[in-house]
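Working notes, beginning with the structure itself.
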Amino acid sequence: MSSVNSRPTGFQAVRENNLGVVLRAVRALAPCSRAAIAAATGLNKTTVSSLVADLISRGLVREIGESTERRVGRPGVMLALDDRTITAVGLEVNVDYLAVVAVDLVEHELLTRHIPFDARSAGPKACTRRIAQVMAEVMADPALAGRGVIGVSVAVPGLIDAPSGTVTRAPNLRWHDTPLRDRLTRLMEEAELPAAPVLVDNDANLGAVAEYRCGHLARTPDLVYITGEVGIGSGILSDGRLLRGSTGFAGEIGHIPLLDGGPECGCGRRGCLEALAGIEPILRAAVPDLVPRGPLSGEGIAHLVAVAVERAEAGDATSRDALRTAGGWLGRGAAAVVDIVNPAAVVLGGYFVPMGPWLLPTCRAALHEIAVAPGAGGCRVEASSLGLSAAARGGAVAMIDALESGRLPLPAARSDADREGARSSASR
């Protein structure tokens, strides 16, 4: 399978780059004419016409009829992205579930699945086999009939070596130096699934991408997304771009030490934010009668979260106090990030969303108390609107972005019969 980072060279590289320029222009301007694209991009009209014809043959752009604008001469033929021919798939692995989202070229959702799965107990090899099985099921789904898969993204809660697709360390999954991309690529080939590049990235990073592209604070260029799973991580956007750091490990907010001699964290240290406000310590404090001793298995976490929320809604003091305390710790952890990168918003995701009514007030109060900038630098704290599918959705839309920016190979030109078949499948 092709590498996400493979690039053409020479004349081909220039043309591929220009195809991306035109594709992005169509996304921004649609419905639009070839003349409008030429004006917006600075490319000459002959070049634009050639590039548009190429994109149409690849199933990425389509003609949607003549312009209704009154003008001298023949009306221009209007163009739009073709949402009928390709799909991008994002999959998230977490301690207690797998989530899958597939989107079309305009980033509309084609399917979404949430699959309970004890990934921690399964281990990396069995989990990779399950991911491959899920991918086979997804690619066979009627919702994707006739579509080419441009790429598959896998979000993992841990440190990722992005160029190799290796999970360097994922403490809550108990994975170390796991070559996830290579294993998944091999299993997909063995299953004779359609060839598609595979990307592996951190779940918080992809959650931040999802918030930026399609969350309720979409297009907020300076934003921090905090995962609300068994582990706590953050994806940081600065001027609309992910802040990855020199080796790609930026954003590990969950392991900021906040309490000397505090509870032991999965990373082996004590008093980390994750040990104070991760889902496991929240549940132990909120529903102590239901949580067994020892580490929680992946099974049942969602149920325990639902019970904690139900009890808080019913006025249970133990549950409410636990959630409010956790919110205060989250605010302290967020304050450290706010002081460094000065975001416009902090978004709480995952299981923090249903707990939001009790987490958010104390989180906001602690942030404003501790952050150095007056009023926390204008930063607002909100719950995500994307829920547990955020990282999977972010992975899918990241593949679309990679396609448009030239980091993914464009799909090959299709025959007229292939394009007609795709249109027929999409219309059913």
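Observations on the model:
- Total residues in the range 321-336 satisfying the condition of being under 24 Å from the mean Cα position of the chain (by Cα) and open to solvent by 20 Å² or more (accessible area, probe 1.4 Å): the figure is 1.
- Per-region count, the range 262-287, residues open to solvent by 70 Å² or more (accessible area, probe 1.4 Å) and touching a strand residue (DSSP E or B) at 6+ places or on another chain (Cβ under 9 Å): 3
- Every pair of residues 6+ apart whose Cβ atoms lie under 6 Å, when the first sits in the range 186-200 and is touching a residue at least 60 places away in the same chain (Cβ under 8 Å) while the second is surrounded by fewer than 21 Cβ atoms within 10 Å (Cβ to Cβ) and among the aromatic types (Phe, Trp, Tyr): none
- First in the range 404-416 and charged (D, E, K, R), second anywhere and modelled with pLDDT under 85 and open to solvent by less than 60 Å² (accessible area, probe 1.4 Å), Cβ under 8 Å, 6 or more apart: Arg407/Val4; Arg414/Ala422
- Screening Ser238, Ser246 for residues that are open to solvent by 10 Å² or more (accessible area, probe 1.4 Å), in contact (Cβ under 8 Å) with a residue 40 or more places away in the chain, farther than 30 Å from Leu296 by Cα and polar (S, T, N, Q) leaves exactly one candidate, Ser238.
- Among the strands (runs of 3 or more DSSP E) confined to the range 78-197, the ones with at least 2 residues that are touching a strand residue (DSSP E or B) at 6+ places or on another chain (Cβ under 7 Å) and surrounded by fewer than 23 Cβ atoms within 10 Å (Cβ to Cβ) are located at 97-103, 109-116, 148-156, 159-161, 166-170, 175-178.
- The set of residues from the range 410-428 being at pLDDT 85 or above and more than 15 Å from Leu81 (Cβ to Cβ) comprises Ala412, Ala413.
- For the range 293-320, the candidate set comprises residues that are open to solvent by 20 Å² or more (accessible area, probe 1.4 Å) and touching a Phe, Trp or Tyr at 6+ places or on another chain (Cβ under 8 Å); within that set, the residue that is farthest from Gly266 (Cα to Cα) is Arg320.
- On inspection, Leu290 does not qualify as part of a loop (DSSP other than H, G, I, E, B), in contact with a Lys or Arg (Cβ under 9 Å, 6 or more places away or on another chain) and surrounded by fewer than 23 Cβ atoms within 10 Å (Cβ to Cβ).
- When the range 377-402 is filtered for residues that are more than 18 Å from the chain's Cα centre (by Cα) and buried (at least 24 other Cβ atoms within 10 Å of the Cβ), the ones remaining, listed by number, are Cys379, Val381.
- Residues satisfying the stated conditions in the range 24-35, i.e. in a helix (DSSP H, G or I) and either free of Cβ contacts under 8 Å to residues at least 24 places away in the same chain or not hydrophobic (A, V, I, L, M, F, W, C) (or both): Arg24, Ala25, Arg27, Ala28, Leu29, Arg34
- Sole exception among (1) more than 25 Å from the chain's Cα centre (by Cα); (2) at pLDDT below 95; (3) surrounded by 13 or more Cβ atoms within 10 Å (Cβ to Cβ); (4) closer than 18 Å to Leu403 by Cα for Val14, by number: (3)
- Of all residues in the range 43-61 being open to solvent by less than 70 Å² (accessible area, probe 1.4 Å) and not aliphatic (A, V, I, L, M), the one that is farthest from Gln12 (Cα to Cα): Gly59
- Subset tally (residues that are among the small types (Gly, Ala, Ser) and under 25 Å from the mean Cα position of the chain (by Cα)) for the range 288-317: 5
- Any hit, the range 352-366, residues being more than 26 Å from the chain's Cα centre (by Cα), at pLDDT 95 or above and of a type in the set (A, V, I, L, M, F, W, C): yes
- The range 249-261, subset over 12 Å from Ala204 (Cα atoms) and part of a loop (DSSP other than H, G, I, E, B), residue most open to solvent (accessible area, probe 1.4 Å): Asp260
- Qualifying residue in the range 40-55 (condition: under 30 Å from Gly215 (Cβ atoms), not in a helix (DSSP H, G or I) and not acidic (Asp, Glu)): no
The values are calculated or read from the model by the stated rules, or taken from the named source; none is laboratory data. Quantities reported herein were computed from a predicted structural model and do not represent experimental measurements. Positions of Cβ are backbone-derived with ideal geometry, glycine not excepted, and every protein chain shown enters the neighbour counts. The area values use the complete protein model at the heavy-atom level, side chains included, leaving out ligands, DNA and RNA. Shrake-Rupley method; radii C 1.70, N 1.55, O 1.52, S 1.80 Å.
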